[in-house]
Amino acid sequence: YSYDWDAEDAELLLKIAMAEAEGESTEGKAMVMLVVLNRTWSKDFPNSIEEVIFQTEPTRQFSVTEPGGRWYTTEPDEDCVKALQLVESGWDESWGALYFESCGNDPSWHSKNLDFLFQMGKHKFYK
């Protein structure tokens, strides 16, 4: 797997972490980044960070990218930078997770259709 991304890709990872995981731990933010990266490394998803984040077919993959969503109203903080540094250092506790959701009322689509891996903070991770 390549950890060779440019400054634009790094900014996208910072932004998705803030939009999806503000209020989560540094590791929780890193996990969101890792889900995006795991998807780029999977044959079942687009192979670029930008295409993964903005994928809309068959459905929008990240609700924060909907028009007016958090993607457009938030800026990454210093903790997101720490999370990216953690990922760049090789830290990966994702177990290959390709999906996550905020903890909520079960049963969710994720819990019915995917293999649950673990929970970190207020997110559940699936494969």
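Structure summary
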{"read-out": "Leading residue by the ranking (surrounded by the most Cβ atoms within 10 Å (Cβ to Cβ)) among those in segment 1-13 that are more than 10 Å from the chain's Cα centre (by Cα) and not in a loop (DSSP other than H, G, I, E, B)", "value": "12"}
{"read-out": "Selection count where residues are open to solvent by 40 Å² or more (accessible area, probe 1.4 Å) and either more than 16 Å from residue 31 (Cβ to Cβ) or within 14 Å of the chain's Cα centre (by Cα) (or both), scope segment 67-82", "value": "8"}
{"read-out": "Condition met for residue 46 (surrounded by 15 or more Cβ atoms within 10 Å (Cβ to Cβ), in contact (Cβ under 8 Å) with a residue 12 or more places away in the chain and assigned to a loop (DSSP other than H, G, I, E, B))", "value": "no"}
{"read-out": "Pairs with Cβ under 9 Å, 6+ apart, first in segment 70-98 and more than 18 Å from residue 12 (Cβ to Cβ), second of a type in the set (Gly, Ala, Ser)", "value": "91/30; 92/30; 93/30; 96/42"}
{"read-out": "Residues being out of contact with any Leu (no Cβ under 7 Å at 6 or more places or on another chain), without any contact (Cβ under 8 Å) to a residue 60 or more places away in the chain and not hydroxyl-bearing (Ser, Thr, Tyr) - total across segment 24-43", "value": "4"}
{"read-out": "Test: residue in segment 99-121 that is of a type in the set (Lys, Arg), open to solvent by 60 Å² or more (accessible area, probe 1.4 Å), part of a loop (DSSP other than H, G, I, E, B) and on the phi < 0 side of the Ramachandran plot", "value": "no"}
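Residues checked against (1) open to solvent by less than 90 Å² (accessible area, probe 1.4 Å); (2) assigned to a helix (DSSP H, G or I):
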position	(1), (2)
28	yes, yes
34	yes, yes
42	yes, no
51	no, yes
57	no, no
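The values are calculated or read from the model by the stated rules, or taken from the named source; none is laboratory data. No experiment lies behind these values; they were computed from the predicted model shown. When we count neighbours, we look across all protein chains shown, and the Cβ atoms used for this are built from the backbone with ideal geometry, even at glycine. These accessible areas exclude ligands, DNA and RNA; they are computed on the full protein's heavy atoms, side chains included. Shrake-Rupley method; radii C 1.70, N 1.55, O 1.52, S 1.80 Å.
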